[in-house]
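Everything on this sheet refers to the single structure shown next.
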Amino acid sequence: MPVSIPADVPPPQIVAPKPFHRTNFGVEVTSLPAGRTLREFVAVKEPWGCTLQLERKDGNAWAVLHAERLTPTATAGAWFELGSVEESADIAYRYRIPADGARPEVLSAEAVIRHRNPRDYTGLAAEAYALIQPHQPHTVIDVVEEMPQGTAGGAHALATAMLGYDLITLHSSLAEGGANRRDFRTVVLHEAAHLRQYEVYGDAAAMGDEIKGVYGNEQFLEKAANCLMERWGGLAEGNHFPYCDTPEAIAMTDALAAGRPYFRPGSPHAPTA
Ligand SMILES: [Zn+2]
């Protein structure tokens, strides 16, 4: 049915700046492991019955992945899902509203998602994946010569985990023959433990509050990650973190190892029955 667009209505405007731009932790998604999907609601101002499309760049052409006809109102939107991509490839995506009568075409910014399939990992990434696979099989592993800004010199000088993004970055000195090889197993499983922490809670506030409640205010995420890493066999023989021995720390490590969140008794984050 034709939609009559009121006079003097401005052109449509896509509210999302880029496809799959997430605001958790202020970081945008740049990589996606095989077996995982991205989903988001895209709002449009002044849609007035336009069609909103998610498009993927194939060579020089844009292919429509999904199209939604929006309602003829001043604001509307639709859910879009990327779906799981099994191939390892860097692929650009955008949202587009095709031109409609006097209304011009509208484009979002383009986002390039680095799709990665673990079967394509080689060298240090493949070795690390072999350690991580039983615990966090959907993990993108990057190996770099220089760690991302803000991490060098700190507790994560050799490795970082991007919480909520299934992404671990490793320094190349962890490779066979590298200067930090002795730390390889410990560091890799520690980062996998960070990914597990976020995954089981799915929410940064709940994760922070519950883990702080067990380990105290100092380095609580690190302590919890170390306890899970130790549980997964990441420590050399004879090493041990004593803060993992309290009954609550053991209960939390049990839960995280089983892929479940741990909630303190009476926690406001605990799901209600
Ligand atoms: Zn850590």
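Only the coordinates and a few stated rules stand behind these numbers; no lab work does. Only a predicted model underlies this, so the values are computations on that prediction, with no experimental measurement involved. Cβ sites come from the backbone with ideal geometry, for glycine too, and all protein chains shown count toward neighbours.
If I fit a long axis through the Cα atoms of helix 247-257 and take the longest principal axis of the Cα atoms of the chain, what angle between them do I get, 0 to 90°, rounded to 10? For 247-257 against the chain, the angle is about 50 degrees. Applying a 4.7 Å cutoff between beta carbons, the unpaired cysteines of the chain are 50. Charge dipole of the chain (Cα centre as origin; +1 on each Lys and Arg Cβ, -1 on each Asp and Glu Cβ, all else neutral): 380 debye, rounded to the nearest 20.
Restricting to DSSP H runs of at least four residues, report the calculated mean residue ellipticity at 222 nm for the chain, -39500 (n - 2.57) per run over all residues, nearest 500 deg cm²/dmol. Value at 222 nm, helices only, nearest 500: -7500 deg cm²/dmol. Could you please state, rounded to a whole Å, how far the C-alpha centre of the range 39-92 is from the C-alpha centre of the range 158-210? Taking the Cα centre of each part, the range 39-92 and the range 158-210 sit 32 Å apart.
When the convex hull of its Cα atoms is viewed from all sides, the chain shows a mean projected area of 18.9 nm².
The alpha carbons of the range 121-257 stretch over 39, 34, 29 Å along the principal axes, in descending order. With a Förster radius of 25 Å applied to the beta-carbon distance between residue 251 and residue 130, the computed FRET efficiency rounds to 0.30.
Here, the range 1-140 is characterised by an Rg to Rh ratio of 1.09, where Rg is the alpha-carbon radius of gyration and Rh the Kirkwood radius. For the range 120-129, 3J(HN,Hα) computed residue by residue from phi via the Karplus equation (6.51, -1.76, 1.60; θ = phi - 60°) reads 8, 5, 10, x, 4, 4, 5, 5, 5, 5 Hz, glycine and proline entered as x. Modelled spin-label separation between residue 41 and residue 57, with each label point placed 7 Å from Cα along the Cα-to-Cβ direction: 3.0 nm.
GluC sites (Glu not before Pro) within the range 77-149: which are DSSP loop residues with at most 13 other Cβ atoms inside 10 Å?
Values: sites: 81, 86, 87, 105, 110, 127, 145, 146; in loops: 86, 87, 105, 110, 145, 146.
Passing sites in the range 77-149 are 86, 87, 105, 145, 146.
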